[in-house]
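Participant: Here you go, one structure.
The values are calculated or read from the model by the stated rules, or taken from the named source; none is laboratory data. No experiment lies behind these values; they were computed from the predicted model shown. Please note: Cβ atoms are built from the backbone with ideal geometry, for glycine as well, and neighbour counts cover all protein chains shown. We work out accessible area using only protein heavy atoms, side chains counted, and drop any ligands, DNA or RNA first. Shrake-Rupley method; radii C 1.70, N 1.55, O 1.52, S 1.80 Å.
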Amino acid sequence: MTKTTTKVLAGVAVAALAAAGVAAVIRYRQGQQPHPDERAHLDELETRLSEVEEPDKSIPPTRVGRIVEDLQRNQGISVARLRRWTTGLRHGTLSTEQATVAESDFDSLERQADQHDA
């Protein structure tokens, strides 16, 4: 696999994980639990966000890290905030207002990842 293909796949993966986050929030706002697949995607997104939040200083920033850095710089959406939404969805602790913001943030993450692939 080429370096470019690997980078594009990383961005697509983040976009797909963010889209699953949007879907999970929509279900949550309808009073439903996240679908098992969405739950798995939220877990994967949480893992990737943890890696960004606590990076290995000996390796350069990952594609995911650059996507999230751009999101922070351009829209003020931090890794901690995204992780708070994934945790709130899993535990069912988001208020209606928080769920609305979470949906918007995941949508922004998805768009940011798509822009990195363009």
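Participant: At 222 nm, what value in deg cm²/dmol follows for the chain if DSSP H runs of at least 4 each add -39500 (n - 2.57) and the sum is divided by all its residues, to the nearest 500?
Facilitator: -27000 deg cm²/dmol
Participant: With every protein chain left in place, what is the accessible area per residue of the range 41-100 in square angstrom, probe 1.4 Å?
Facilitator: 58
Participant: Another question, then. For the peptides 68-74, 13-19, what is the packing order when you average, over each peptide's residues, the other Cβ atoms within 10 Å and list the highest mean first?
Facilitator: Highest mean packing first, the order is 13-19, 68-74.
Participant: Once the Cα gyration tensor of the range 60-102 is found, what semi-axes does its equivalent ellipsoid get, as square roots of 5 times the eigenvalues, in whole Å, sorted largest first?
Facilitator: Working through the eigenvalues yields semi-axes of 23, 12, 6 Å.
Participant: On the protein heavy atoms, probe 1.4 angstrom, tell me the percent of accessible surface of the range 79-118 carried by carbon and sulfur.
Facilitator: After summing per-atom areas, the C and S share lands at 47 percent.
Participant: Translational diffusion coefficient, Stokes-Einstein: compute it for the chain using the Kirkwood radius over C-alpha pairs as Rh, at 25 °C and 0.890 mPa s, and state it as an integer in µm² s⁻¹.
Facilitator: After rounding, the answer is 172 µm²/s.
Participant: Extension gain Ala16-Thr47, at 0.36 nm per residue separation less the Cα-Cα distance, in nm?
Facilitator: Length difference between fully extended and current span is 9.7 nm.
Participant: Cβ under 13 Å from Arg39's Cβ, Arg39 left aside: what net charge do those residues give with Lys, Arg +1 and Asp, Glu -1?
Facilitator: Here the count lands on -3.
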